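Participant: Before anything else, here's the structure in question.
The values are calculated or read from the model by the stated rules, or taken from the named source; none is laboratory data. Note that this is a predicted model, so its numbers are computed, not measured. Counting neighbours? That spans all protein chains shown, and the Cβs are built from the backbone with ideal geometry, glycine included.
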Amino acid sequence: MDKKKIVIRTGIGFFLCIMLVLAIIFLLASTVPPGYRRLSMTKVAREKAADRLVKRLFDIYNNYQVAGPFDHKINERELNEYLASLEEIAYNRLPRKGEPAKKTGGVHEAMDKAGIGNPVVRLSDRNGGTMTVMVKSDKLRKIVCLDLSFTIPDDSPNHVKVNLDAVRIGRMPVPYFIVEKGLEALRGNLPDVAREEHSDSSGVFNLSGDFESLLVNVIKGIDSRPLPTRQTIGDHSKRIHRIKITENEMIIQFAPISDDTN
């Protein structure tokens, strides 16, 4: 066999390998994750979910006024009901100072601006506890998955760190440098009113019922600086001591703190 034929066959083989790899990547990226199942809820059901969230926040508020630690549990379906009802939750929120009257909750508009939609959450005990957030990307026309975990820094116990453990498009892993640019773009599209800095006395886990700001600040904190969790109500100050994620359930553990705790 002459050298010309060897070169041609080698080139064809290399080209076919590249095409095969690209086909595999495309199939992995185009595959809808098995856990991506958005809830279908009527407007009445979404309004009831928004009301349940308010009641849940009041329950936490009442527990804050009792001495000692307490746990608050929330399951995967409840989280997805709240995500499906974000527009109703935001619309029912009391207007901020100087904010004009609202015709909508503004959530759909904010998501459109960020180029995302249809968020879904899955909870699992994988890797010690993982929250997988899945959203549909308008630009990619595919499902983007973020694996998150939560830790309390040893040197800053009044804060919680939102760790980004892995990112996938469909089932295809994504390099971190691409993810980092995407996160910066997403943070830039967050509503300005919800990106206010939280003091260490109020904490990101605000019990005012402003779930919209809580959600946006958690997104802002992904793989960024730790978020303050200290909350003082009356004579009691508490913080998030631990966030435990098991299969289909998340347990937020609150603990009392003293004034000398950082």
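Participant: Looking at the stretch 217-237 only, could you name the residues that are over 15 Å from residue 158 (Cα atoms) and charged (D, E, K, R)?
Facilitator: Scanning the stretch 217-237 gives 220, 223, 235.
Participant: Counting residues that are touching a Lys or Arg at 6+ places or on another chain (Cβ under 6 Å) and at pLDDT 90 or above, which strands (runs of 3 or more DSSP E) fully inside the stretch 46-151 reach at least 1?
Facilitator: 116-124, 130-137, 142-151
Participant: Taking the condition of being farther than 16 Å from residue 121 by Cα and either under 19 Å from the mean Cα position of the chain (by Cα) or among the β-branched types (Val, Ile, Thr) (or both), how many residues in the stretch 37-48 meet it?
Facilitator: Residues in the stretch 37-48 being farther than 16 Å from residue 121 by Cα and either under 19 Å from the mean Cα position of the chain (by Cα) or among the β-branched types (Val, Ile, Thr) (or both): 2 in total.
Participant: Tell me, please, whether a residue that is modelled with pLDDT of 75 or more and either surrounded by 14 or more Cβ atoms within 10 Å (Cβ to Cβ) or part of a helix (DSSP H, G or I) (or both) can be found in the stretch 174-195.
Facilitator: To start, the set of residues in the stretch 174-195 that are modelled with pLDDT of 75 or more comprises 174-175.
Filter once more, so that each one left must be either surrounded by 14 or more Cβ atoms within 10 Å (Cβ to Cβ) or part of a helix (DSSP H, G or I) (or both): 174.
Checking the stretch 174-195: at least one residue is modelled with pLDDT of 75 or more and either surrounded by 14 or more Cβ atoms within 10 Å (Cβ to Cβ) or part of a helix (DSSP H, G or I) (or both).
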